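The values are calculated or read from the model by the stated rules, or taken from the named source; none is laboratory data. Owing to the predicted nature of the structure, the values given are computational and were not obtained by experimental measurement. FYI the Cβ positions are ideal-geometry reconstructions off the backbone, even for glycines, and counts take in every protein chain you see.
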Amino acid sequence: MDTIFALATPQGKSGVSIIRLSGPQAFEITKKLCPLPPKQSFAVRRLKDSHGRILDEALVLVFEQGRSFTGEPTVEFHIHGSVAIYSSVSERLVEVGARLADRGEFSRRALESGRLDLSQVEALGDLIESETESQQRQALDGFCGSVAKKVEGWRRDLIQAAALLEAVIDFADEEVPEDVTQDVRILLERVKFEIAGEIAGFAAAERVRTGFEVAIVGVPNAGKSTLLNAISGRDVALTSILEGTTRDVIEVKMDLHGLAVTLLDTAGIRDTQDPLEKMGIDRAVDRANKADLRIFIDYDSGIFGVERAVGDIFITGKGDLFPDETFPVSGKTGLGVDVLLSKLADVLGKRAQTAGLESHQRQKESLQRGFYDLEAALGLLEGGSNIYDLTAEEIRSALRSLESLLGHVDVEIVLDEIFSKFCLGK
């Protein structure tokens, strides 16, 4: 296996930049730049080129095999954050036998060495991408092994169920053992129930990871764009007394009480003969129906084609002109905006509380396969001891499906896609 290196900090000028070197020749390569510090220790060293010229004075950290992120011998060079210094040090590393890492290659090596399982790798990617507190907490939960702990519990129950069945199969020609059907049923139904709960919480977990979408919906000139500008604190949408100003969907991302939320300003919905405006209205209806939640402005005025759903919020637009109406909100004066945001945060916060541990489509599909395998096993269990062998095989199939969550079975087809999204230093 090659010895690889990459910049583990953002590129550009900074106080300190960190170059990570990992692989079987990491220590030998380091010796060609500077004296190697003691194992599992650090020291300040002068890094030199092939002619003995000083490239930089750096803090050098050494990690032995099995005690680094990748599980391989690893060295970190904490150099001064100069583009020129990084360039010269990296050129020297290539010259003495290292190569620049591919995207996600450090994390892939951590997976292959058993330092991380696949769910932790995915959570690590989410942690790097996290922008809000809820995303950070969700990613850290996964990175610390919450999925692995859950799967291990399921694994114990399923192995016990399979062992009970196989004990009957092994002694079928001897004295007939007691009926184990009820014990096996209890184990399988318990696992199936917990998996069903995780599947039910997938949508909320995915939204915590990717962000909730909230569409502001109303007729033309209801004050949608003014409200969006007020919430975002800047002029992101054009406003006018003329109807039909907004033609496309305008998106604003925000951190709402720790939740990632994208607000959508949509075209005013009405009957129109203008083909361009009609295209904007069609887009507005489509995005509004796909959104996680809608803020309806002056709903009684008529919103064509947008379906109402539980949790949707209904307000009176231009509330400064109609302060006595139900839930008046004014983007112009700020009236009711804080109340609206608190209401929005409350609704979305309650949805986030139903989130399961899994937030990636691959994980959901593994759960669904395991769920269907258990349904099949429970159906076969009713056939009695004559087909216990078939029941046991379905249980083993469920085990394989669930262990694919952690990468304990062949998942090569998804690895390239996962690691391609990582930065070079990970």
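Points worth noting:
- Some residue of the stretch 277-288 being modelled with pLDDT of 85 or more, of a type outside the set (Phe, Trp, Tyr), exposed (fewer than 14 other Cβ atoms within 10 Å of the Cβ) and over 28 Å from the mean Cα position of the chain (by Cα): no
- Check on GLY197, modelled with pLDDT of 90 or more and surrounded by 18 or more Cβ atoms within 10 Å (Cβ to Cβ): no
- Exactly one residue out of GLY311, GLY356 is on the phi > 0 side of the Ramachandran plot and assigned to a loop (DSSP other than H, G, I, E, B), and it is GLY311.
- Here TYR372 fulfils each of the conditions (1) crowded, with 18+ Cβ neighbours inside 10 Å; (2) in a helix (DSSP H, G or I) apart from (1).
- When the stretch 1-59 is filtered for residues that are among the aromatic types (Phe, Trp, Tyr) and not in a strand (DSSP E or B), only PHE27 remains.
- Residue count for the stretch 36-62, restricted to those that are at pLDDT 95 or above and under 27 Å from CYS144 (Cβ atoms): 2
- With respect to being β-branched (Val, Ile, Thr), under 18 Å from ALA222 (Cβ atoms) and surrounded by 19 or more Cβ atoms within 10 Å (Cβ to Cβ), THR326 falls outside the description.
- Any hit, the stretch 289-301, residues being assigned to a helix (DSSP H, G or I) and modelled with pLDDT of 90 or more: yes
- Scope the stretch 221-231; condition part of a loop (DSSP other than H, G, I, E, B) and either assigned by TED's automatic domain parsing to the domain that holds TYR388 or buried (at least 23 other Cβ atoms within 10 Å of the Cβ) (or both); matching residues: ALA222, GLY223
- Boolean, ARG109 is closer than 24 Å to ALA196 by Cβ and either surrounded by fewer than 22 Cβ atoms within 10 Å (Cβ to Cβ) or among the charged types (D, E, K, R) (or both): no
- Applying the set (1) surrounded by fewer than 16 Cβ atoms within 10 Å (Cβ to Cβ); (2) modelled with pLDDT under 85 to VAL168 leaves exactly one unmet item: (1).
- Any hit, the stretch 345-355, residues being more than 30 Å from ASP141 (Cβ to Cβ), buried (at least 19 other Cβ atoms within 10 Å of the Cβ) and touching a residue at least 12 places away in the same chain (Cβ under 8 Å): no
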